[in-house]
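The values are calculated or read from the model by the stated rules, or taken from the named source; none is laboratory data. Remember, predicted model here, so these are calculated numbers, not experimental data. Here the Cβ positions follow ideal geometry from the backbone for every residue, glycine too, while neighbour counts run over all protein chains shown.
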Amino acid sequence: MAKRIPYGIGNYAELVEKNCYFVDKTPYIALLEEVQNPVYLRPRRFGKSLFCSLLRWYYDINAAPRFAELFGNTWIGQRPTGNQNRYLVLGLNFSTIVTGPTFQEIEDSFRLQVNNSLHYLKSFYPTLLATMPEIDLNRTVADNLTVFLDYIQQIGKFHERYARLRWVIEFKYYSNAEFKKLNTTIADFQCKAEDTQQITGYVQGLQQEYPEARVEKFVIYCFGNQGFRVFAV
């Protein structure tokens, strides 16, 4: 597929799916992790929304199975920070908030926007937030955030015991010479049956010991300096 020149695309995943040209700004992800409270002050049409989308796809736990697809050819894909796909992401878009004519209308619009985002967060993470309390759209944002953060703190304590069991990864390395002998491309490479069997057997033992743990299994193949592929098992 020929490269396309994007216009008006604010979703990073869509940019990759449509094979569009884009400037690789992923090195800034590593730099931003060293900044406590980053604030982006740039003119309109400068790429702020797209970069925020990039951050969402990098950190969102739901996007873990697509990491190689979305970031395999980027700087950060070859040098992940270790925080990739580890978080729940609450996205807030204030561009749709009514800006007048009265302060009350602005406040009502802001409350509706944030409360709706909190309300729909449960549908984005149905397993992790299965017991999340309902969000009252008529309450203040501060009240709903307090309820939500208290809930997150409670389930965080519950899952702390099992946090290290949520991800089970089998890592396989092929040197450049070994990969060349396989006579295939990275895109066509498939997960090996023996690796699937090995990791499945390992997980069965974990689940017997920790029946309440939610375990997700991945096999990662690294091909020398050519790249890597991630398979959800």
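Things to note:
- Residue match in the range 142-156 (condition: part of a helix (DSSP H, G or I), hydrophobic (A, V, I, L, M, F, W, C) and at pLDDT below 80): yes
- Here the range 48-77 is the region considered, the condition is being polar (S, T, N, Q) and surrounded by 18 or more Cβ atoms within 10 Å (Cβ to Cβ), and the residue that is nearest to Phe124 (Cα to Cα) is Ser53.
- Among the conditions (1) under 25 Å from Phe148 (Cα atoms); (2) surrounded by 12 or more Cβ atoms within 10 Å (Cβ to Cβ); (3) without any contact (Cβ under 8 Å) to a residue 12 or more places away in the chain, Pro38 misses just one, which is (2).
So that you can scan it fast, the table gives a plain yes or no per residue for (1) in contact with a Ser or Thr (Cβ under 8 Å, 6 or more places away or on another chain); (2) not assigned by TED's automatic domain parsing to the domain that holds Val16:
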{"residue": "Tyr58", "(1), (2)": "yes, no"}
{"residue": "Ala63", "(1), (2)": "no, no"}
{"residue": "Gly72", "(1), (2)": "no, no"}
{"residue": "Arg79", "(1), (2)": "no, no"}
{"residue": "Leu112", "(1), (2)": "no, yes"}
{"residue": "Leu121", "(1), (2)": "no, yes"}
{"residue": "Pro126", "(1), (2)": "no, yes"}
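- Test: residue in the range 61-73 that is in a helix (DSSP H, G or I) and of a type in the set (Phe, Trp, Tyr): yes
- The residue list Pro80, Pro27 contains one member that is modelled with pLDDT of 85 or more and surrounded by 13 or more Cβ atoms within 10 Å (Cβ to Cβ), which is Pro80.
- Residue count for the range 176-196 satisfying the condition of being more than 28 Å from the chain's Cα centre (by Cα) and either touching a residue at least 24 places away in the same chain (Cβ under 8 Å) or not in a loop (DSSP other than H, G, I, E, B) (or both): 7.
- Leu90 outside any helix (DSSP H, G or I), out of contact with any Phe, Trp or Tyr (no Cβ under 7 Å at 6 or more places or on another chain) and without any contact (Cβ under 8 Å) to a residue 60 or more places away in the chain: yes
- Residue check for Phe171: surrounded by 12 or more Cβ atoms within 10 Å (Cβ to Cβ), part of a strand (DSSP E or B) and modelled with pLDDT under 85: no
- Across the range 95-141, the number of residues qualifying as exposed (fewer than 10 other Cβ atoms within 10 Å of the Cβ) and assigned to a helix (DSSP H, G or I) comes to 5.
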